[in-house]
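Below: the structure, in structure tokens.
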4 protein chains.
Amino acid sequence: MHRQLRAGIVGGGQGAFIGAVHRIAAEMDGEARIVAGALSSDPAKARESAEAWGLQRSYASFEDMAREEAARDGGIDYVIVATPNHLHLPVAAAFLKADIPVICDKPLAATLEQAEAIAGAVRESGCLFGLTQTYTGYPLVREARELVASGRLGKLRKVQVEYNQDWLKDAIENEGHKQASWRMDPERAGISCCVGDIGTHAQNLLEFVSGLEIESVCAELTSFVDGRALDDDASMLLRLGEGVRGTLVSSQIACGEENSLSLRIWGTEAGIEWHQQEPNTLIVKPAGRPWERWRTGGGYTGEASRSATRTPGGHPEGYLEAFANIYRDFTADVRRVAAGDEPKRDYPGIEEGLRSMRFVAAAVESSNQGAVWVDV
Amino acid sequence: MHRQLRAGIVGGGQGAFIGAVHRIAAEMDGEARIVAGALSSDPAKARESAEAWGLQRSYASFEDMAREEAARDGGIDYVIVATPNHLHLPVAAAFLKADIPVICDKPLAATLEQAEAIAGAVRESGCLFGLTQTYTGYPLVREARELVASGRLGKLRKVQVEYNQDWLKDAIENEGHKQASWRMDPERAGISCCVGDIGTHAQNLLEFVSGLEIESVCAELTSFVDGRALDDDASMLLRLGEGVRGTLVSSQIACGEENSLSLRIWGTEAGIEWHQQEPNTLIVKPAGRPWERWRTGGGYTGEASRSATRTPGGHPEGYLEAFANIYRDFTADVRRVAAGDEPKRDYPGIEEGLRSMRFVAAAVESSNQGAVWVDV
Amino acid sequence: MHRQLRAGIVGGGQGAFIGAVHRIAAEMDGEARIVAGALSSDPAKARESAEAWGLQRSYASFEDMAREEAARDGGIDYVIVATPNHLHLPVAAAFLKADIPVICDKPLAATLEQAEAIAGAVRESGCLFGLTQTYTGYPLVREARELVASGRLGKLRKVQVEYNQDWLKDAIENEGHKQASWRMDPERAGISCCVGDIGTHAQNLLEFVSGLEIESVCAELTSFVDGRALDDDASMLLRLGEGVRGTLVSSQIACGEENSLSLRIWGTEAGIEWHQQEPNTLIVKPAGRPWERWRTGGGYTGEASRSATRTPGGHPEGYLEAFANIYRDFTADVRRVAAGDEPKRDYPGIEEGLRSMRFVAAAVESSNQGAVWVDV
Amino acid sequence: MHRQLRAGIVGGGQGAFIGAVHRIAAEMDGEARIVAGALSSDPAKARESAEAWGLQRSYASFEDMAREEAARDGGIDYVIVATPNHLHLPVAAAFLKADIPVICDKPLAATLEQAEAIAGAVRESGCLFGLTQTYTGYPLVREARELVASGRLGKLRKVQVEYNQDWLKDAIENEGHKQASWRMDPERAGISCCVGDIGTHAQNLLEFVSGLEIESVCAELTSFVDGRALDDDASMLLRLGEGVRGTLVSSQIACGEENSLSLRIWGTEAGIEWHQQEPNTLIVKPAGRPWERWRTGGGYTGEASRSATRTPGGHPEGYLEAFANIYRDFTADVRRVAAGDEPKRDYPGIEEGLRSMRFVAAAVESSNQGAVWVDV
């Protein structure tokens, strides 16, 4: 009989939107249940959160959790890291050392140094490591990647990727907004807020779909709100492999925007366009022909998107389903490794995490020098 | 500590899309787990399906299941009915008799007589009864209902509701398509295919949002595909309460349409428009002012939609989340009754089920008489 | 050298939106200039309007104008009738009698009897007669007609056509609104306001694109605003030729709608969808394939739409250009007849005008009898 | 009586799309007629084109035309320059010297030096000079400018402007495509193709609406098609006045794009978004409120857009109407000056032309140096 995996979680307790998202995503397909957690650094809050979720085991510290779960029969099969960025390293390292696979929120760490330390820990442990770069979980993002890989677009030439929000358009970090506070704090968030938090999603999405790497960036990062130590907005020129050129724009002060991530790629034979807020539509723009509107669950879609779809066409799948697709692939790998099989690693992992960190570092350096080309 | 409820399911085994949907929806918020099932009338298939889902208890018949679950310690807290229409009555009746609350797929039954028998069983048992009229679970459908109730639209005048698909545009019921086969079979589906299956969603959505009842219909049902005993298309004129007029169109042969349910209502002060395939947008059309684009999770939305939303604005919620919202409300009522509190009944139930059955009966009768007005 | 034609106009003086539209449309392609007019029944206003437009000849009455223009050297080549409905007959008859071709605003007349009298005058005179059913002038409406005729949609099955506005949602006819006053006055507008004014556009558009006739209607006309003698809203079931079924909805009280004319047709192989407010896009919905977004001026469009397009793709063409396309075709016919050639009659004419009048009569009769089927 | 003005035109003969556009736009509102022209440098073709248009006077050379029209009674009131860029200077200079007002296609000239020479000629002559930066003629572009000026957006922060096409995605300049040939020829087009042709529209639109100037650019221009001497694509970082930051992207190789000019501006209180291909909609994005969809002809729009609108809301106005709005304003100024009144100069003129030329020069220099900041 198909055993449900047992998952643990560190961070993501009450009030942290992303905690509930990880729980729903991890459990959606019935492949795993979260049974243990160290949900907060505040022990009372950790216990309270664990009770609200009905967890079987609540820990006051992640160190205890890693040690005890590794030791017990029926311990967790993997751990979810949903803490602020600066804690990714110690938490991930503790579980990897205990030989427990890790799936970690993005970005990989607060600094490139921390990220490389995580990479080292992954190498040493030999454990699986996943990164919840959510947006690559959307069926039509995978379809887009397949279309590019199949040559449907011809030779790629130009790209435009954007991620615009407005939740940091005012100085809410000074008014007790928990998430804004740590994201605008260099100690906890690292060298960038906007590029680190959402620019990396844009970069990862672009590289995932195009199959190309951003080779260098010419970036201008801005803090539009007075008094901020970190950027709340960024605009960049991009040079990708194979002579592809483009722009990446991300903003957290774009008034009226919710979560407007979009990607456009143009090749010699066709262009494509995708918007995260209407994720079940992918526009294909063939040369000299009408645009095509591809839809999640359309009978004409390929294997990559079909296997990431749970309902027939016309039943919209959203963010939680995309997130769950990352978990589905990761979970399947946990099962493979447990069964002695080769993992597939068909989800974002340590390499994607490192690339994003290098991208952030390059963007910040470029901007600090007044917008010059810096290699990623 | 918050105990997860134990749910059972009848029907919905492998190959039935709706079974997996019920499971994900019932479990999404961690409020319940499906632990027992009679997933198929074919015992081998039932067992196989139960193993794939990791169910603790699999039954060969729903009668056994009702009896044994009622008798055991730690038996199920409620049962999900996900069978074809004609089995809703015997299944629901068996569990209601065993004093187990029932949540049932729609439409309520294959015939009005069966539906009334279910209503009788509900009354006798005093048990909770929910109906998964999914589309009322969308946050912005609830927002729309609140807007109407608040008077924002003024006095209502005109409505247009549509539900267009194309999956029955060819005679796939003759080619072994399982769902098409029972939906086009009067024995199992009742007196209507298209109106029963999706016209009822349109009717329920319209009545839910408008707060009005369809008083009479003037309908033309058509079987465009040769040899069909039941309708695959319908167009109706509607008379609703308070002098409101409008149309309801539903089709399963509308080539190129996936699951295109939409609702438009116009009052003296404003109109509204909602499309199921882009469910996170609600258009409000005030007299003499620009249209407003309301979004799921917008800071300006009301309590009804906010409490049905799991993620911040811009993270699309879809069909599974809407479905889960029906479960969330039903589950809360199961807890209330268990705690001796009054249930809220803020989800579709037996009355909505009966209304839909009467609506189907009226539409069929109207059409049989050549499109005359028939009261619902 | 290509001589510019000389046109005359009756009605459409200052304050009448439609007068300026006719002038721009008639002159847009440089084929004709309006040189003479009887712009108002009020002589002072007629003179003033004529001066504002720089007309060479202004007449106090249309009778004088018909007589004198017919008599003079260099008289007008055709006349435009832009008066309220009830004057179409006397004006058209006067010019037809004087052997001057007529292009007339729609609907053809206030009553079916008047319409038939105009048809008689056309027959007797042998003159060209055009009707400005504007919406058939849009390039993509012509493309849609070609797609249907080419068999791209397969056998047609279902249609939905709508025309929703809100300009009559309040009783502005009682507040001195000139156009509302005559449109709500049975003496001047005939037996219907909403169906006559805009329902006929919907009917004409549907018949033009589908190539089928509406054979019978089951209609409910409503006057939502108290005290109105004529309808401000209508909903109808339609039976068209070849077993096609559908609905036609038109409203002038649909709060927030501007001029929302749209057409959807579904066949066995594909569906199409067009919206007047975004007229440069036509959606084609092939079975089992992604929707296609056809655009005005796309290199893939056919001759019918290409010859109705003035600018390259991406330069939006609008209502005035569509109107001018009707004039362009009519003007070409005036030249053909003058040159002794056979006219092409590839624009709406007396037959289309009569059909619309019969459609209005059928809809009104159906509604008066409580929504029964009435043949058109 | 209102005298129609007499216009002349140089260039724009048969086969040149832009010539017909100028003619329709200049004549649309009945304010002027084109009566004279030097339509081609090829005398036979000039004569033929003039006959097709029914011009009264056709000239073999623009020099003759300027001299003779200035000398004759009833000569032209103004001249339209619709030649390739490199001829703008000699043509404009000839007419300005003859004291004839000039309205000129954009960009102002092939080089900044030529542009400055035109500016000198304008100064010396004291004549009116207009530049057909068409897109500022759209009603909602003017509405957007008013909204920004009114403070509705608060303090501006971020902008994104784009102009994407695909008509130069292949080397059609080598296959006899007339317009492509001169646009890709440095002798006739100047130092840039893509930035000069369409980047300037984007720059002008942005500056027009925002009321701010682009102070410096960091640009990367690319020639994606082998063998091109000029750019077919550009991406730029922008620094505008008052600390506003943003990007400008223009491309002529963006496969599947027609004429996709769009503008987004975000301030502290609201954002706005406009797309040229659906020009009758302007999105306003207020902080914390639903987006508003402003429409051409909406009763709530301001004077600037209302006076640029010819039809009621819902009757789409397009590119030709926008173009005609530039002519309308220019023509009114010609009348004012003729009447001895002060001109209003409420249309793009010599200053806008010079700014665009400086912008092109800065972009080219920036790119030549590898994307460094260059002041405009």
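Numbers for the structure displayed
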quantity	calculated
The stretch A:165-186 residues near the modelled residue A:17 label - backbone nitrogen below 15 Å, point 7 Å along Cα→Cβ	A:165-170, A:172-173, A:177-184
Fewest-first ranking of D:272, B:198, D:326, using other Cβ atoms within 10 Å as the exposure measure	B:198, D:326, D:272
Mean Cβ count within 10 Å, highest first, over the residues of peptides D:256-265, A:363-372, C:173-182, A:314-323	A:314-323, D:256-265, A:363-372, C:173-182
Where labels lie 7 Å past Cα in the beta-carbon direction, separation of residue C:175 and residue D:73 in nm	5.4
Cβ neighbours within 10 Å from other chains - mean over D:220-227	3
Cut-off under 5 Å, modelled amide H: who pairs with residue D:9 long-range	D:36, D:37, D:38, D:80
Sites residue A:188 and residue D:275 - FRET efficiency at Förster radius 35 Å, r taken between beta-carbons, to 0.05	0.30
Neighbour cut-off at most 14 other Cβ (10 Å), DSSP loop, trypsin sites (Lys or Arg not before Pro), the stretch D:59-98	D:72
Whole-Hz ³J(HN,Hα) from phi, Karplus 6.51 cos²θ - 1.76 cosθ + 1.60, for the stretch B:28-33, glycine and proline x	3, 8, x, 7, 8, 10
Modelled FRET efficiency - R0 41 Å, residue D:113 with residue A:375, Cβ distances, 0.05 increments	0.60
Per-residue HN-Hα couplings for the stretch D:315-321 [Karplus 6.51, -1.76, 1.60; θ = phi - 60°; Hz; x = Gly/Pro]	9, x, 9, x, 4, 5, 5
Helical contribution to [θ] at 222 nm, DSSP H n ≥ 4, -39,500 (n - 2.57), averaged over chain A, rounded to 500	-10500 deg cm²/dmol
Number of partner chain Cβ atoms within 10 Å, mean per residue of C:304-315	5
Ranking of A:162, A:187, A:68 by count of other Cβ atoms within 10 Å, fewest first	A:187, A:68, A:162
Neighbourhood net charge (13 Å Cβ-Cβ; Lys/Arg +1, Asp/Glu -1) for residue D:365	-2
5 angstrom amide H check on residue D:128, placed H, neighbours 5+ away	D:102
Cα shape, the stretch D:204-281, gyration tensor, a/c 1.5 rule	oblate
Cα-based shape type of the protein assembly as shown, given that a ≥ b ≥ c are square roots of the gyration tensor eigenvalues and the cut on a/c is 1.5	oblate
Coordinate range along principal axes, alpha carbons of the stretch D:5-127, Å, largest first	36, 31, 29
Pairwise FRET efficiency - residue B:306 versus residue A:51, Cβ, R0 = 35 Å, nearest 0.05	0.90
Net charge contributed by nearby residues that have their C-beta within less than 12 Å of residue B:136 (K/R +1, D/E -1)	-2
Among beta bridges that DSSP assigns inside the protein assembly as shown, antiparallel share in %, nearest 5	60
Sum of side-chain charges, residue A:12 neighbourhood, beta-carbon under 12 Å (Lys, Arg +1; Asp, Glu -1)	+1
Anisotropy class of chain C from Cα gyration tensor, a/c 1.5 cut	oblate
Convex hull per residue volume in Å³, alpha carbons only, for the stretch C:261-376	174
Within 10 Å of each Cβ in A:317-326, the average number of Cβ atoms from other chains	5
Protection proxy ranking of B:139-145, A:147-153 - average other beta-carbon atoms within 10 Å, highest first	B:139-145, A:147-153
Spatial separation of Cα centroids for the stretch B:294-367 and the stretch A:163-221, in angstrom	36
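A short reminder: the numbers here are calculations on the coordinates, not readings from a lab. Fair warning: this is a prediction, and the values are worked out from it, not measured in the lab. Cβ atoms come from the backbone with ideal geometry, glycine included; neighbour counts cover every protein chain shown.
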